[in-house]
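*Asks:* Handing you a structure now.
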Amino acid sequence: MATIHPSASFDEDLAAEALERAMRGYGTDKQKVIEILVRCNNAQRQMIRTPYKVRYGKDLENELRRELSGDLEDVILALMQTPTKRDVLDLQKAMKGFGTNEKVLIEIIASRSNDELRAIRNTFYTTYDKSLEETIWSETSGDFRRMLVLLIQGTRDEYGIPQYHKAVQDAQQIMRACDKKSGQDKFEAFKILATASPSHLAYVYSELETISGYSIEKTIDHEYSGDMKTLLLALVMVSQSKPKFFAHQIHNAIKVW
């Protein structure tokens with residue numbers, strides 16, 4: 001299976017040679033292509049490009065695109081791209097043409113680290129000669145837009161030490177924002193989900209439930225709807241467990257399929 005761990009037996013020259021053999025002549029040995037590319041991690045797959053180009057004078061990604069088709073082509077080409085490049089392509093596709101795929105925006109932007117978000121932002125600009133912020137601003141609206149733009153700045157306090165008294169204040173601010181009579185901007189209260197560390201947010205969630213009787217999830221469900229609700233719930237899940245979030249995404253994708 002594909003791995004995030006480097007393969008100890010990996011050799012980029014041998015992998016390039018094996019891929020060329022698998023694609024040479026009439027028909028492509030698709031199973032062999034799969035075996036070669038899933039037995040190494042992404043960084044190692046990138047290393048295959050150079051010896052393949054030097055030895056055969058061809059671009060590996062172009063050859064894979066020419067030899068494969070359908071879902072297999074999509075999967076293999078995705079494996080050959082760096083995570084940052086894949087995210088950039090998916091974000092552009094989600095906002096291109098008529099309509100926006102908000103689910104893609106949420107999955108990527110809600111789950112990436114500060115460093116990953118900054119890399120995505122920079123690569124998006126160099127690839128399309130336009131800023132990701134401006135593109136999101138033109139394709140979305142309301143608090144959903146404001147939260148996405150805040151998130152892609154990559155300024156979350158990722159490893160901040162939780163402060164109990166601050167957590168109490170944050171929970172109380174969320175409660176006040178949920179009171180329509182208070183006139184408080186809900187976005188200002190809930191933007192903590194995009195800026196605070198997971199450990200601090202755990203204190204906020206606990207304190208909110210203590211003083212209000214409602215979990216953060218139920219609070220969001222009551223106060224928001226549509227894309228903003230989905231985004232905030234995604235941020236909560238990511239702050240609690242990123243693996244759980246991705247398992248949830250995979251489950252939903254399979255269920256739809």
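*Asks:* Restrict the search to region 1-38; then list the trypsin sites (Lys or Arg not before Pro) that DSSP places in a loop and that have at most 15 other Cβ atoms within 10 Å of their Cβ.
*Replies:* Sites meeting the loop and neighbour criteria: Arg24.
*Asks:* Using the basic label-point model (7 angstrom from Cα toward the beta carbon), what is the His248 to Ser212 distance in nanometres?
*Replies:* Inter-label distance under the simple model: 1.6 nm.
*Asks:* So if I take the centroid of the Cα atoms in region 176-223 and the same for region 24-63, what is the distance between those two points in Å?
*Replies:* Each part's Cα centre sits 49 Å from the other's.
*Asks:* I would also like to ask the following. Neighbouring Cβ atoms within 10 Å as the yardstick, rank Asp143, Asp185, Asp87 fewest first.
*Replies:* Neighbour counts put them in this order, fewest first: Asp185, Asp143, Asp87.
*Asks:* Also, I was wondering about something else. Within region 230-257, name every residue whose backbone N is under 20 Å away from a label modeled 7 Å from Cα of Gln163 along the Cβ vector.
*Replies:* Under cut-off, by backbone N: nothing.
*Asks:* Show that you can apply the helix-only estimate: for the chain, add -39,500 (n - 2.57) for every DSSP H stretch of four or more residues, divide by all residues, and state [θ] at 222 nm to the nearest 500.
*Replies:* Rounded to the nearest 500, it is -22000 deg cm²/dmol.
*Asks:* Sticking with the crude label model, points 7 Å out along Cα→Cβ, report the distance from Arg176 to Gln31 in nm, one decimal please.
*Replies:* So the two model labels end up 6.6 nm from each other.
*Asks:* Only four residue types carry charge here, +1 at the Cβ of Lys and Arg and -1 at the Cβ of Asp and Glu. Report the dipole size of the chain about the Cα centre in Debye, rounded to the nearest 20.
*Replies:* 160 debye
*Asks:* Quick one: among Met228, Met147, Met23, which has the greatest mean-square fluctuation in a GNM of the chain with alpha-carbon springs under 10 angstrom?
*Replies:* Largest GNM mean-square fluctuation: Met23.
*Asks:* Amide H of Ser197 versus every other amide H placed in the peptide plane: which residues, excluding those fewer than 5 positions away on the same chain, fall under 5 Å?
*Replies:* When sequence neighbours closer than 5 places are left aside, the close amide H contacts are Asp157, Gly160.
*Asks:* Residues of region 27-65 with amide nitrogen under 19 Å from the 7 Å Cα-to-Cβ point of Asp115?
*Replies:* Flagged as within label range: 41-47.
*Asks:* Among Ile211, Ile216, rank each residue by its count of other Cβ atoms within 10 Å, from fewest to most, as a rough exposure measure.
*Replies:* In increasing order of surrounding Cβ atoms, one gets Ile211, Ile216.
*Asks:* What does the extension gain come out to for Lys103 and Thr50, with contour length at 0.36 nm per residue minus their alpha carbon separation?
*Replies:* 15.6 nm
*Asks:* Neighbour counts of other C-beta atoms within 10 Å: give me Leu89, Leu233 arranged from fewest to most.
*Replies:* Ascending Cβ contact count within 10 Å gives the list Leu89, Leu233.
*Asks:* Test of the criteria: in region 106-210, which GluC sites (Glu not before Pro) are in a DSSP loop and have at most 15 other Cβ atoms within 10 angstrom of their Cβ?
*Replies:* Of the GluC sites (Glu not before Pro), the ones in loops of region 106-210 whose Cβ has at most 15 other Cβ atoms within 10 Å are Glu158.
*Asks:* Among the complete DSSP H segments of the chain, which ones combine at least 20 Å of alpha-carbon extent along their axis with a mean Kyte-Doolittle hydropathy of 1.6 or more?
*Replies:* none
*Asks:* Once the dipole of the chain is set up with Lys and Arg at +1 and Asp and Glu at -1 on Cβ about the Cα centre, which of Met175, Ile216, Tyr125 lies farthest towards its positive end?
*Replies:* Of the candidates, Tyr125 comes out farthest on the positive side.
Throughout, read-outs are computed from the coordinates displayed, never taken from laboratory work. Keep in mind it's a predicted model, so treat the numbers as computed, not measured. Positions of Cβ are backbone-derived with ideal geometry, glycine not excepted, and every protein chain shown enters the neighbour counts.
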